[in-house]
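Participant: First, the structure itself, so that you have it in front of you.
The values are calculated or read from the model by the stated rules, or taken from the named source; none is laboratory data. Please read all numbers here as calculations on a predicted model, not as lab measurements. Here the Cβ is made from the backbone with ideal geometry for all residues, glycine too, and neighbour counts use every protein chain on show. The protein model used for the area step is the full one, side chains on, heavy atoms only, and it has no ligands, DNA or RNA in it. Shrake-Rupley method; radii C 1.70, N 1.55, O 1.52, S 1.80 Å.
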Amino acid sequence: MNLPNLLTLLRLLLIPCYLWAFYGVESPHKILALSVLLFAGLTDVLDGYLARTYKLETYTGQLLDPLADKLMMVSVLFTLLASGRLPWLVAALLVFRDVAMIAGAAFFYFQGKRAVPKANGWGKVTTCFYYVGISLCILAWPTPEAGEMVLWFTVGLSYVTTVIYVRSMKIIPVRRRVY
């Protein structure tokens with residue numbers, strides 16, 4: 001257990017905090033919920049930076065980090081859907097993309113291979129638009145539709161980013177085959 005993994009565990013613990021802040025605090029703008037979400041995003045950036053910079057990457061972190069990200073994303077999308085701040089199609093397209101990526105990685109994993117995408121800036125740009133869109137939806141500002149429009153753009157950008165990742169991906173064998 002190292003600091004990046006502790007930050008990832010903290011992000012997992014922030015999920016119920018986000019849900020409480022969204023549903024338990026009466027406010028049309030949900031500023032506390034947004035604050036929890038942005039703090040969780042900051043821990044994500046920080047744990048990745050620390051793990052890479054100080055060579056603290058672990059197998060546990062490689063599993064928990066994306067899990068924490070996806071669980072937080074699903075929680076946020078669920079709250080926005082349930083509160084009528086986001087249409088089903090936007091959420092479904094965002095979730096479908098992530099499920100397809102996870103299924104693809106699992107497919108290669110069970111063949112004894114690993115899919116390694118080349119890092120590029122498009123993923124970070126997509127994440128920034130995702131956070132801006134989600135923030136606008138949570139705040140319902142400047143209009144309730146503003147966040148939805150940004151998220152529609154983010155959906156398109158996320159699929160373009162996925163194509164770029166898949167085209168640059170290397171499939172490498174791992175030491176042993178997994179059955």
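Participant: Can you tally the net charge around LEU151? Count Lys and Arg as +1, Asp and Glu as -1, for every other residue whose Cβ sits under 12 Å from the Cβ of LEU151. Intermediate results must be reported in sequence, preceding the final value.
Facilitator: Numbers: positive: ARG85; negative: GLU145, GLU148.
For residues surrounding LEU151, the net value is -1.
Participant: Continuing with this model, one more query. Please compute the Cα-Cα pair-distance distribution of region 6-120 with 10 Å bins starting at 0, giving whole percents from short to long.
Facilitator: That works out to 12, 36, 35, 14, 2, 0, in percent per bin.
Participant: So how tilted is helix 31-53 from the main axis of the chain? Cα-based, degrees 0 to 90, rounded to 10.
Facilitator: 20 degrees
Participant: Tally Lys/Arg at +1 and Asp/Glu at -1 over every other residue whose Cβ is under 10 Å from the Cβ of ARG11; what's the total?
Facilitator: On the way: positive: none; negative: ASP44, ASP47, ASP65, ASP69.
Combined, the nearby Lys, Arg, Asp and Glu give -4.
Participant: Here's something else I'd like to know. In region 19-56, what chymotrypsin sites (Phe, Trp or Tyr not before Pro) fall in a loop by DSSP, with at most 12 other Cβ atoms inside 10 Å?
Facilitator: Taking region 19-56 and a limit of 12 other Cβ atoms within 10 Å, the loop chymotrypsin sites (Phe, Trp or Tyr not before Pro) found are TYR54.
Participant: Okay, moving on. Report, in deg cm²/dmol and to the nearest 500, the calculated mean residue ellipticity at 222 nm for the chain, where each DSSP H run with n ≥ 4 adds -39500 (n - 2.57) and the sum is divided by the residue count.
Facilitator: -26500 deg cm²/dmol
Participant: If you keep only loop residues by DSSP, which trypsin sites (Lys or Arg not before Pro) in region 1-93 have at most 12 other Cβ atoms within 10 Å of their Cβ?
Facilitator: When the trypsin sites (Lys or Arg not before Pro) of region 1-93 are filtered for loop state and at most 12 Cβ neighbours within 10 Å, LYS55 remain.
Participant: Write out the chymotrypsin sites (Phe, Trp or Tyr not before Pro) in region 103-134 meeting two conditions: DSSP loop, and at most 15 other Cβ atoms within 10 Å of their Cβ.
Facilitator: Taking region 103-134 and a limit of 15 other Cβ atoms within 10 Å, the loop chymotrypsin sites (Phe, Trp or Tyr not before Pro) found are PHE110.
Participant: Over the chain, with every protein chain in place, what whole percent of the accessible area is carbon and sulfur at 1.4 Å, could you tell me? Can you show the working numbers first?
Facilitator: Details: 7880 of 10880 Å².
C and S atoms contribute 72 percent here.
Participant: Hey, another quick one. Can you put THR126, THR58 in order of accessible area, largest first, using a 1.4 Å probe?
Facilitator: Largest accessible area first, the list is THR58, THR126.
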